[in-house]
Amino acid sequence: MILILSRQAHPNDIETLMKRLDWMNLRASLSEQNGQKSLAVVSGMNKQVQIEEFAALPLVEKVLPFTQPYKLASKDVRRERLCIPIKDIQIGGKELAVMAGPCSIESAEQMNTIAAQVKKAGANILRGGAFKPRTSPYSFQGLGEYGLQILAEAGEVHNLITISEVMDAEQIDLVGRYVDILQIGARNMQNYSLLKKVGRSEKPVMIKRGFSSTYQDLLMSAEYILHQGNPHVILCERGVRTFENYTRNTLDIAAVPVLHQLSHLPVIVDPSHGTGIREMVVPMARASVAAGADGIMVEVHNEPEKALSDGIQSLYPEQFEKLMISLKQMAPVVDREIL
Ligand code: PEP
Ligand code: MN
């Protein structure tokens, strides 16, 4: 239920009301739009609360039901798009989030070289995996904590926000100590114990769409994170499995306007995993921005032929630079900017 609060409500009164809801075993999150405060209240599994019970509470002017199963991720809670502040950028704001870097963190030298190159080209977020979800147990599994140290240092030196995948609930605190954004990989999109635990983290979370997940599946997974109290969730379209096998996945660009229609959460597109082919990454990155994405995630490697993972889909730094030049020209057309 959404409780629309009286405009006269004082912050102390709202706090008292939230405590009261807490006693009723209900989770409430406060939001404000155009000066109108409201509380989104979700109940536990077996808790059925009647509209009348809410309507009788002090300060409550109106009670509206949720219209979607993904309650907190839906537009019911918030009509405007959500901006997530992270250091000096806002994901979901006018400035595009450009996440770039190698698939895997391989060495300090590799990371520093790539960080300098993507920063110069205009990226604002540095990506790199330290815990890699590989199809084969014999493939490179990532450098673990040492990799995270390298990523954090490169981010600091080059003034870039950092993002890295957390594969396991036990890794959350560790990864969170080193990076600014926690990434949930496509393979883990429905790992609900992991989602619940990142939902209790202070860090923003980017959740990637599973290979065969619907928009609703993705939003229900985002809901797990939001329900635990973490409001800073970013959705990521990274391609889905279809009958087409020329490309690694089929990048679903329509996901951008659909998710924006269904949810207030920012939407990022990853054309690298979405196509799996270097030559397809630049046009699909442009298409993502044209479709209104809040940003892109692109794999870039200084020596892709020697990369320990995903070299064939990684852009050369010069290609990334050219992509950024074109995105800077395109951005104003869709009311965005790249600084
Ligand atoms: C990644 O971004 O490193 C990754 C493994 O992507 P996905 O989970 O989308 O396959
Ligand atoms: Mn990869």
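The values are calculated or read from the model by the stated rules, or taken from the named source; none is laboratory data. Keep in mind the model is a prediction, meaning the values are calculated, not measured. Please note: Cβ atoms are built from the backbone with ideal geometry, for glycine as well, and neighbour counts cover all protein chains shown. Only protein heavy atoms, including side chains, enter the accessible area calculation; ligands, DNA and RNA are left aside. Shrake-Rupley method; radii C 1.70, N 1.55, O 1.52, S 1.80 Å.
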Which members of region 92-116 meet the condition of being within 16 Å of ligand 1 (Cβ to nearest atom), hydrophobic (A, V, I, L, M, F, W, C) and not in a loop (DSSP other than H, G, I, E, B)? Ala97, Val98, Met99, Ala100, Met111, Ile114
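When residues of region 210-223 are filtered for being buried (at least 24 other Cβ atoms within 10 Å of the Cβ) and free of Cβ contacts under 8 Å to residues at least 40 places away in the same chain, how many remain?
Going through region 210-223 one residue at a time, the tally reaches 1.
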Could you grab me the full set of residues in region 259-305 that are part of a loop (DSSP other than H, G, I, E, B) and either surrounded by fewer than 24 Cβ atoms within 10 Å (Cβ to Cβ) or within 16 Å of ligand 2 (Cβ to nearest atom) (or both)? His264, Asp270, Gly276, Ile277, Ala291, Gly292, His301, Asn302, Glu303
At pLDDT below 95 and either in contact with a strand residue (DSSP E or B) (Cβ under 7 Å, 6 or more places away or on another chain) or within 16 Å of ligand 1 (Cβ to nearest atom) (or both) - does that describe any residue in region 140-157? yes
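Give me a count of the residues in region 308-335 that are among the hydroxyl-bearing types (Ser, Thr, Tyr) and within 12 Å of ligand 2 (Cβ to nearest atom).
Selection size over region 308-335: 2.
Yes/no matrix, rows are residues, columns are (1) within 15 Å of the chain's Cα centre (by Cα); (2) at pLDDT 95 or above:
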{"site": "Val175", "(1), (2)": "no, yes"}
{"site": "Gln183", "(1), (2)": "yes, yes"}
{"site": "Leu195", "(1), (2)": "yes, yes"}
{"site": "Phe211", "(1), (2)": "no, yes"}
{"site": "Leu226", "(1), (2)": "yes, yes"}
{"site": "Gly229", "(1), (2)": "no, no"}
If a residue has to be open to solvent by less than 60 Å² (accessible area, probe 1.4 Å) and at pLDDT below 90 to count, how many in region 31-58 make the cut? 11
Output for Cβ contacts, cut-off 8 Å, separation at least six or different chains, first residue open to solvent by 80 Å² or more (accessible area, probe 1.4 Å) in region 138-149, second assigned to a loop (DSSP other than H, G, I, E, B) and among the basic types (Lys, Arg), reads Gln141/Lys132; Gln141/Arg134
Residue that is nearest to Cys236 (Cα to Cα), among those in region 85-114 that are of a type in the set (Asp, Glu) and touching a residue at least 40 places away in the same chain (Cβ under 8 Å): Glu95
Only residues in region 225-246 that are open to solvent by less than 10 Å² (accessible area, probe 1.4 Å) count as the first member; pair them with residues that are β-branched (Val, Ile, Thr) and in a loop (DSSP other than H, G, I, E, B), Cβ under 9 angstrom, at least 6 apart or cross-chain, and list the lot. Glu237/Ile253; Gly239/Thr247
Hey, does region 201-209 have a residue that's more than 22 Å from Ala291 (Cβ to Cβ), part of a strand (DSSP E or B), modelled with pLDDT of 95 or more and open to solvent by less than 60 Å² (accessible area, probe 1.4 Å)? yes
Considering region 117-139 alone, what residues qualify as being within 13 Å of ligand 1 (Cβ to nearest atom), among the basic types (Lys, Arg) and not in a loop (DSSP other than H, G, I, E, B)? Arg127
Checked pairs for region 306-334, first outside any helix (DSSP H, G or I), second loosely packed, with under 15 Cβ neighbours inside 10 Å and among the hydroxyl-bearing types (Ser, Thr, Tyr), C-beta under 9 Å and 6 or more apart or across chains, list as Leu308/Ser139; Ser309/Ser139
Qualifying positions in region 281-339 - of a type in the set (D, E, K, R) and either modelled with pLDDT under 95 or closer than 19 Å to Gly101 by Cβ (or both): Asp294, Glu299, Glu303, Glu305, Lys306, Asp310, Glu318, Glu321, Lys322
When region 290-305 is checked residue by residue, the ones that are under 17 Å from Met206 (Cβ atoms) and among the hydrophobic types (A, V, I, L, M, F, W, C) are Ala293, Ile296, Met297, Val298
Residues to consider are Met206, Met280, Met284, Met220; find the one that is more than 11 Å from ligand 1 (Cβ to nearest atom) and touching a strand residue (DSSP E or B) at 6+ places or on another chain (Cβ under 9 Å). Met284
Across region 90-126, the tally of residues that are within 15 Å of ligand 2 (Cβ to nearest atom) and open to solvent by 10 Å² or more (accessible area, probe 1.4 Å) stands at 2
Do you know which residues across region 159-172 are open to solvent by 40 Å² or more (accessible area, probe 1.4 Å) and touching a helix residue (DSSP H, G or I) at 6+ places or on another chain (Cβ under 8 Å)? Asn159, Met167, Asp168
